[in-house]
1. Name the single residue that is nearest to the other protein chains (Cβ to nearest Cβ) among those in region B:230-243 being within 16 Å of the ligand (Cβ to nearest atom) and not in a loop (DSSP other than H, G, I, E, B).
2. Going by the conditions given, is B:G270 more than 15 Å from the ligand (Cβ to nearest atom) and on the phi > 0 side of the Ramachandran plot?
3. If you take the residues in region B:370-400 that are more than 16 Å from the ligand (Cβ to nearest atom) and hydrophobic (A, V, I, L, M, F, W, C), which one is farthest from B:I218 (Cα to Cα)?
4. Which one of the conditions (1) away from every other protein chain (no Cβ under 14 Å); (2) of a type in the set (V, I, T); (3) without any contact (Cβ under 8 Å) to a residue 12 or more places away in the chain does B:V201 fail to meet, given that it meets all the rest?
5. With B:E12, B:E77 as the choices, which residue is over 30 Å from B:G292 (Cβ atoms) and away from every other protein chain (no Cβ under 14 Å)?
6. Failed condition for B:Y255, given (1) within 26 Å of B:A179 (Cβ to Cβ); (2) free of Cβ contacts under 8 Å to residues at least 40 places away in the same chain; (3) hydroxyl-bearing (S, T, Y), with all others met?
7. Suppose we keep only residues that are assigned to a helix (DSSP H, G or I) and among the aliphatic types (A, V, I, L, M) within region A:65-89. Which one would you say is farthest from the other protein chains (Cβ to nearest Cβ)?
8. Here are A:T151, A:T167: which of them is within 23 Å of B:M184 (Cβ to Cβ) and either within 12 Å of another protein chain (Cβ to nearest Cβ) or of a type in the set (S, T, Y) (or both)?
Amino acid sequence: MTHEPLTQNRINDLFAQKSERLLNVYFTAGFPNLDDTCTVLRGLQQAGVDLVEIGMPYSDPVADGETIQQSNMRALDNGMTLKLLFDQLAGCRDGQSGEPVTVPILLMGYVNPVLQFGVEAFCQKCREVGVDGVILPDLPLDLYLSEYAATFRQYGILNVFLITPQTAESRIRLIDSETEGFIYMVSSASITGSVKGISDSMRAYFERIQAMALKNPRLIGFGINNHDTFETACQYANGAIVGSAFIRHLEQEGPSAESIRAFVQTIRS
Amino acid sequence: MEQLIEQATSFEVSDKGFYGNFGGAFIPEMLYPNVEELRQSYRRIMADPAFQADFQALLTDYVGRPTPLFLAKRLSEDIGATIYLKREDLCHTGAHKINNTIGQILMAQRLGKKRIVAETGAGQHGVATATVCALMGLECIVYMGSIDMERQKPNVDRMRMLGATVVPATSGSQTLKDATNEAMRHWINNPVDTHYIIGSVVGPHPYPDMVARFQSVISAETRRQLLEKEGRETPDYMVACVGGGSNAAGAFFHYLNEPTVKLVAAEAAGQGVSTGHSAATTALGKPGVLHGSRTILMQTDDGQVTEPYSISAGLDYPGIGPLHAHLFESGRGIFCNITDEHAVQAGFKLSKLEGIIPALESAHALAALEELPLTPNDVVVVCLSGRGDKDLSTYTKYLD
Ligand SMILES: Cc1ncc(COP(=O)(O)O)c(C=O)c1O
């Protein structure tokens with residue numbers, strides 16, 4: 001089945017206006033400090049980032065490498081919860097404490113905290129505070145389609161799925177036809193933060209997917225950590241996602257607007 | 001030879017990998033091709049007569065099966081019922097874990113894998129994995145929580161001597177849960193040539209079902225042996241400890257659809273269920289997703305997995321296999337919580353009454369005997385999942 005694209009979703013609006021060199025930056029909510037969520041979000045928006053992916057910290061992030069694991073632990077130790085994140089986001093969207101945040105936001109995390117929150121309550125909250133999409137790597141596609149897709153759609157929340165170099169073509173087609181927003185291309189079979197550079201076999205995979213002429217835009221993530229890797233990814237996709245490199249930057253340079261601007265500049269130019 | 005691949009109808013896993021509300025395959029896309037390959041082939045490979053022949057031959061000649069069903073007379077007298085011990089402690093390497101690793105190494109070979117990764121808690125599964133890797137000449141990497149590496153040092157040395165690389169898991173509680181996270185991450189990073197030998201009936205479908213089937217040799221043998229000794233295939237109680245639940249799944253498997261057999265699962269209460277230092281999953285947990293399946297899980301209201309505690313490294317896990325979650329929810333299983341103290345006492349009791357030093361894990365099952373309303377006519381089988389050599393340093397702290 002195919003769906004009409006959702007109206008009124010910042011992610012779809014973004015891709016309708018811009019289809020090249022999109023930069024999506026990941027950071028963990030509540031890291032480095034509990035109240036940094038809005039500061040970082042604003043900093044990224046001011047630095048001209050196109051989309052922001054906010055990590056919902058989890059005790060057992062199996063798809064993540066050490067950098068993101070540690071940011072998750074720090075955030076949890078700081079007292080971060082999903083409920084608090086929604087409260088923080090409501091504040092930054094409506095501009096209570098500074099410039100309103102208008103950049104598209106995705107929440108990225110693991111399925112268990114979402115199940116405990118309740119899927120419907122979660123979608124409702126996302127809608128309320130202006131979250132546009134989610135990435136839940138351990139939510140199985142078939143279960144999503146049979147049990148949860150209708151709820152996500154009802155609240156206008158996009159659910160972005162991952163593909164890897166090992167994902168079969170038929171499965172990529174299924175993901176492309178059943179989901180919208182964009183497709184998250186994991187650059188190589190790995191956890192986050194462990195990919196070094198872009199190899200020939202990665203390029204071959206990027207080309208193979210490019211040639212599939214999918215209906216959804218594609219962003220490449222994992223191993224995008226500097227200007228070179230960003231530019232390379234942009235040759236094959238609509239843009240790229242930076243995660244661990246930004247977490248390391250926040251850890252070393254802190255979340256000030258200047259620090260974030262400097263980081264984004266090194267990626268972009 | 002026993003028929004190992006038998007249908008356990010109403011407790012049979014569904015096509016999608018569910019036991020009632022529990023199970024499934026909650027895995028990131030990076031693992032999907034591997035898990036899917038296994039899902040599509042495991043039943044066919046296990047049903048292949050050549051596979052069965054290899055599996056049976058190794059269980060007999062290498063593991064030393066069948067393991068005895070021993071009538072523990074002095075313990076029976078003490079408890080006031082007829083108590084048999086299913087002697088999995090006499091398996092090669094000292095625990096039931098090797099039934100599964102033999103099966104999975106043969107599976108890995110048929111899938112063309114070159115390298116094995118595993119997690120371990122008490123080190124018994126790590127040793128059993130290192131053993132079969134040595135036997136078959138495959139590279140072996142075992143993740144073990146750094147706390148467990150200390151408290152189960154003899155097993156770390158055994159794994160190294162067998163040629164395995166033991167990697168400390170230093171994240172989180174530094175025990176079994178974290179070792180499992182690390183093993184999964186390793187598998188994500190090495191998707192093509194590596195097979196992950198999970199050590200219990202946990203993980204994404206088809207692991208819980210596959211591991212239960214490999215372990216089901218325990219109850220297949222028990223039926224035959226009990227028939228010889230008691231003139232009946234079914235005991236009144238089958239008792240086993242549950243960490244992830246593989247020895248229990250194997251001990252229960254051929255009795256799942258026999259309602260006269262009470263299936264008793266002993267969980268580790270640690271210092272006590274309500275002390276905050278416990279691993280009694282069904283008493284403290286709620287439904288949730290961990291390590292690829294929906295199960296019962298110890299967690300906070302926000303869905304963060306909590307750190308379990310048990311004196312026994314093999315039971316120090318915040319979840320249980322989805323089959324056991326279903327046995328709990330459906331009422332088919334009886335779940336008991338056994339404290340550290342009680343388990344240690346039961347371990348000393350068996351040592352003195354029967355000359356058998358049980359693993360601390362198995363001692364939880366023995367302690368459960370004292371919590372059941374047993375009568376003199378009851379016939380009880382306890383799955384003695386492992387021997388206690390690895391736990392001597394813990395036991396000796398209680399010697400006075
Ligand atoms: C002797 C022994 N029994 C029981 C267990 C618990 O595992 P399971 O519940 O999968 O049987 C272990 C785990 O290490 C063990 O070594």
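All of the numbers you see were taken from the coordinates with simple rules; none came from a lab. Quick caveat, the model's predicted, so the values are computed rather than measured. Because the Cβ atoms are built from the backbone with ideal geometry, glycine has one as well, and the counts that use them run over all protein chains shown.
1. The extreme case among them is B:C241.
2. Here the answer is no, as B:G270 does not meet what is asked.
3. B:L399
4. (3)
5. B:E77
6. (1)
7. Looking at residues that are assigned to a helix (DSSP H, G or I) and among the aliphatic types (A, V, I, L, M), I get A:L89.
8. Unique residue meeting the criteria: A:T167.
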